[in-house]
1. From largest accessible area down, sort 47, 57; use a 1.4 Å probe on the protein chains.
2. For a quick check of understanding: with a 1.4 angstrom probe and all protein chains in place, what accessible area in square angstrom does residue 23 have, to the nearest ten?
3. Enumerate the residues in region 16-37 having an amide nitrogen under 14 Å from the point lying 7 Å beyond the Cα of residue 89 toward its Cβ.
4. Rounded to two decimals, what is the ratio between the C-alpha radius of gyration of region 42-101 and 2.2 N^0.38 Å?
Amino acid sequence: MSKSVVEQLRKRRAYPMTIGDVTIYIRAMTETEWHAAMGFREDDASLGYAIGKGWVLDTGEPIYSQQTDETSQSFGERVLTEADLPTDTRTELAQAIVKLSQAVKPKTMDAMVKN
């Protein structure tokens, strides 16, 4: 498989989501991103991490990019600071991204084989 095909597969589709009267786009987190967020899920930064990885433009391109020298937790903290969203909005957004991320992951290998 050529590298360009792999890169295309890695780009996630953007799903519209409406909060109030504003439509934004989200995508599911990758397995790697999911596991990174689980490492500090008791911290508010995990919400910021989910938002930073899952909130995208309508083209699927990320709104926030994690810097190479930035840990997952510090990336989440930065996203929360830069976005400066009300608590209920950031919680709703993070929950939608997590729900979408869980929906696309097969629960077992048998489920994946059946599909």
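1. Result of the area sort, largest leading: 57, 47.
2. In the full protein context, residue 23 sits at about 80 Å².
3. Output list for this probe position: 18-25.
4. In units of the globular-protein estimate, region 42-101 measures up at 1.03.
The values are calculated or read from the model by the stated rules, or taken from the named source; none is laboratory data. The shown structure was predicted, so the numbers you read here are calculated from the model rather than taken from an experiment. All Cβ positions, glycine included, derive from the backbone under ideal geometry; neighbour counts span all protein chains shown. What goes into the accessible areas is simple: the full protein's heavy atoms, side chains included, and nothing from ligands, DNA or RNA. Shrake-Rupley method; radii C 1.70, N 1.55, O 1.52, S 1.80 Å.
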